[in-house]
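The values are calculated or read from the model by the stated rules, or taken from the named source; none is laboratory data. The model shown is predicted, which means the values in this text are computed figures rather than measured ones. Virtual Cβ from ideal backbone geometry, glycine too; neighbours counted across all protein chains shown. Ligands, DNA and RNA are stripped out before the accessible areas are found, and what is left, the full protein with its side chains, is counted by its heavy atoms. Shrake-Rupley method; radii C 1.70, N 1.55, O 1.52, S 1.80 Å.
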Amino acid sequence: MSSTTAVSSPSATPTAGCGAQLYNIPVQDPAVGIPSGGNHTDIMSACCGPADVISYYDDCGLYCLAVGQSVDSLIHCLYDHGAPYQDVFYRGNVSATATVTDAPLPTSASVVVTAGGSSATKSGASGSDSTSSSTSSPGAAAGLRPELGSLSTVGLTIGALLLSATAFGAFQL
C-alpha cells in the first residue's frame, strides 16, 4: 500500500488583518501585486524597472505599475525571480501598460523602493479624506467593471432573443 504526502513550498502569507484588501491594488492603472514578506521586495525591485515598488494597506502587500512593460511581462519576470505562482496578482488587462505614472500615492500606500532601487520614505497623505476612487460617498466601493473578455451586452441580448424565440416557437404547436 502506498501513501502520498503533500508538500508545499513556503510563501509569504499576509496577516489575518489584510483579508481581501490584499487583492485590491489601490490604483486604477495596470499594476502587479504580491503579498509583503520574504524576499518579495527584492523580487519586485528587480522586475518593476522604472516604476516604484509601493507598500499598501499597512504593509499587507506590494505593487508596482506596469511602466514600460506589459502586465504579462512583469508577471513572468516575478515568476522568473522566484515569486510563488499563487502569490502574484494584477489589475487590468495582461497586455496593458500603465498610462498615469505621476499620480499621487493613495492614502494607504508608501514607496518602499524607488525606481532607482534605493529605499524611500515617500507616503500617501495618511488621515486625509481623499480616496483612490471616483465615488463621492464615504465608504463607497470604487466603480469597477468586471472584464468579461469578448462577451458583450449586445451578444447577451442577441442570445436571449434567440432563446426566447425558440421557446415561444416550441409552445405554439
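Select from region 29-66 the residues that are within 19 Å of residue 94 (Cβ to Cβ), open to solvent by 10 Å² or more (accessible area, probe 1.4 Å) and without any contact (Cβ under 8 Å) to a residue 40 or more places away in the chain and list them in ascending order.
65
Listed here are the residues, each with its yes/no results for (1) closer than 23 Å to residue 39 by Cα; (2) among the β-branched types (Val, Ile, Thr); (3) at pLDDT 50 or above; (4) within 17 Å of the chain's Cα centre (by Cα).
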| site | (1), (2), (3), (4) |
| --- | --- |
| 75 | yes, yes, yes, yes |
| 98 | no, no, yes, yes |
| 112 | yes, yes, yes, no |
| 127 | no, no, no, no |
| 162 | no, no, yes, no |
| 165 | no, no, yes, no |
| 170 | no, no, yes, no |
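Among the residues of region 67-84, which ones are under 25 Å from residue 19 (Cβ atoms) and assigned to a loop (DSSP other than H, G, I, E, B)?
Listed by number, the residues that qualify are 83, 84.
Take region 78-102 and flag every residue that is touching a Ser or Thr at 6+ places or on another chain (Cβ under 7 Å) and either open to solvent by 30 Å² or more (accessible area, probe 1.4 Å) or within 12 Å of residue 66 (Cβ to Cβ) (or both). Before you say what the answer is, go through the steps one by one.
First, the residues of region 78-102 that are touching a Ser or Thr at 6+ places or on another chain (Cβ under 7 Å): 84, 86-87, 94-97.
Correct list: 86, 94, 95, 96, 97.
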